[in-house]
Amino acid sequence: MVKVNLCGLTANEIFDLIRHSGFTINHAVAISNAVYKKGISDISKISKIPKKLRAELDAIANTGIFMPTASELSADKTVKYLYRTESGKEFETVYIPENKRNTVCVSSQSGCRMGCQFCATGRYGFHGNLSAGEIVNQVISIPHESKVTHVVFMGMGEPMDNLENVIKACRILTSEWGPAISSRNITVSTVGITPAIEEFLASSECNLTLSIHSPFPLERKRVVPAEIKYPVHEIIRILKNYPLKKKRRLTIAYVMIKGLNDTDLHLAELKSLLKGSRIRINLLPYHMLPDDQNSPSTTERIHFFKHELVVSGISASIRKSRGIDISAACGLLASSLIR
Ligand code: SF4
């Protein structure tokens, strides 16, 4: 008999596994707490349930928690972990400690099929979707001392291309019987698949970030193939009109490449696209791939963009690069998997 993995199940789904023997929802919650809050990887070590339940559960289930197979430490204390699933899918996860904030950047797929030009994961190709359990496992299994406070879906893969598992992972991560991370501290990032974005906005309370690369459709099509089917102007229109709940954040990520998308024309178009909306913009420097002809915008140019956007009434910030020396920064994941 194939055993079921507990990591990836809701408390109700765990209850469905054990209710026939007379066990209660409280027992299911105790099991979820052991898996999701304590990261217990061995069912025989779950202490707050009856011995009979432990034995029955052990016969039909595994915790589904598995550890990374390798890690690399950056000079700035960022750590990149490599995971390999039983079926051989590989993916990377990044742990980013910063003052009181501890962020885990999770992957939603092994590789990616969106083919964005400036992304190592795109070059690695698509090797499969991750299950909700494989996504949640990245948050609870990485070996770190401090509590994870934030989760960003900015690792390998396009979350909107694996929406069902991403929404379920968000639900588990934010649940009281799960790691109980606030939905305000979870951000899902996308290059834009319009129907999936609409479904995500309606089914989850987590934040959304849209990577645009260029505000000009023709130019964007050349670097983000998703633009051909899902025009970013239409997505921004949807985001602008979305009745946003308090503190939920919608953000545009704008990777700045010297001479390519950091001109005055780009700045003017960004202002006109975002003016009068509650959408924020996060500017970040481009991270170069091996044999790259492009280079990041200068720090002065990035700060100039931020200043100009802010004085136009648009909320703008600059994202600090982390883990560049271990290829853990934005756009670089999977560099070491390309063989
Ligand atoms: S930028 Fe995101 S969507 Fe595009 S190829 Fe890379 S991982 Fe995939």
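Given (1) under 19 Å from the mean Cα position of the chain (by Cα); (2) open to solvent by less than 60 Å² (accessible area, probe 1.4 Å); (3) modelled with pLDDT of 95 or more, where does T85 come up short, assuming only one miss?
Here T85 clears every test but (3).
So if I check each of A180, A132, A169, A75, which one is open to solvent by 20 Å² or more (accessible area, probe 1.4 Å), within 24 Å of L9 (Cα to Cα), of a type in the set (A, V, I, L, M) and away from the ligand (no atom under 15 Å from the Cβ)?
A180
Can you tell me which of (1) touching a Lys or Arg at 6+ places or on another chain (Cβ under 8 Å); (2) within 16 Å of the ligand (Cβ to nearest atom) is the one H150 doesn't meet?
In the conditions (1) touching a Lys or Arg at 6+ places or on another chain (Cβ under 8 Å); (2) within 16 Å of the ligand (Cβ to nearest atom), H150 misses (2) alone.
More than 16 Å from the chain's Cα centre (by Cα), near the ligand (Cβ under 9 Å from one of its atoms) and more than 15 Å from R84 (Cα to Cα): does that describe G125?
no
Take the stretch 275-295 and flag every residue that is in a loop (DSSP other than H, G, I, E, B) and among the charged types (D, E, K, R).
K275, R278, D291, D292
Going through the stretch 117-129 one residue at a time, which ones are under 18 Å from I193 (Cβ atoms), surrounded by 20 or more Cβ atoms within 10 Å (Cβ to Cβ) and touching a residue at least 60 places away in the same chain (Cβ under 8 Å)?
Of everything in the stretch 117-129, those that are under 18 Å from I193 (Cβ atoms), surrounded by 20 or more Cβ atoms within 10 Å (Cβ to Cβ) and touching a residue at least 60 places away in the same chain (Cβ under 8 Å) turn out to be C119, T121.
Please verify whether L57 is surrounded by fewer than 20 Cβ atoms within 10 Å (Cβ to Cβ), over 15 Å from the mean Cα position of the chain (by Cα) and more than 23 Å from S182 (Cα to Cα), treating the condition exactly as stated.
No.
C170 versus (1) over 25 Å from I96 (Cβ atoms); (2) free of Cβ contacts under 8 Å to residues at least 60 places away in the same chain; (3) part of a helix (DSSP H, G or I); (4) of a type outside the set (G, A, S): which is the lone unmet condition?
All conditions pass for C170, except number (1).
Output the number of residues of the stretch 89-104 satisfying the condition of being surrounded by fewer than 14 Cβ atoms within 10 Å (Cβ to Cβ) and within 15 Å of M156 (Cβ to Cβ).
So the answer is 0.
Take the residues of the stretch 103-116 that are within 12 Å of the ligand (Cβ to nearest atom) and either without any contact (Cβ under 8 Å) to a residue 40 or more places away in the chain or assigned to a strand (DSSP E or B) (or both): which is farthest from E86 (Cα to Cα)?
Per the criteria, the residue is C105.
Given the conditions (1) surrounded by fewer than 18 Cβ atoms within 10 Å (Cβ to Cβ); (2) outside any loop (DSSP other than H, G, I, E, B), and given that L270 satisfies all but one, which numbered condition is not satisfied?
(1) is the only condition that L270 fails.
Just give me the residues in the stretch 296-329 being farther than 25 Å from Y95 by Cβ, assigned to a loop (DSSP other than H, G, I, E, B) and open to solvent by 40 Å² or more (accessible area, probe 1.4 Å), in sequence order.
Result: T298, G313, S315.
Restricting to the stretch 298-335, name every residue that is hydroxyl-bearing (S, T, Y) and within 15 Å of the ligand (Cβ to nearest atom).
Passing the criteria: S327, S335.
From the residues in the stretch 183-220 that are away from the ligand (no atom under 16 Å from the Cβ) and of a type in the set (S, T, Y), which one is most open to solvent (accessible area, probe 1.4 Å)?
Only one residue tops the list, namely S203.
The values are calculated or read from the model by the stated rules, or taken from the named source; none is laboratory data. On a predicted model such as this, the values are computed, not experimentally measured, just so you know. Using ideal geometry, Cβ is built from the backbone for each residue, glycine included, and neighbour counts are taken over all protein chains shown. Side chains are part of the model used for accessible areas, which takes the heavy atoms of the whole protein and leaves out ligands, DNA and RNA. Shrake-Rupley method; radii C 1.70, N 1.55, O 1.52, S 1.80 Å.
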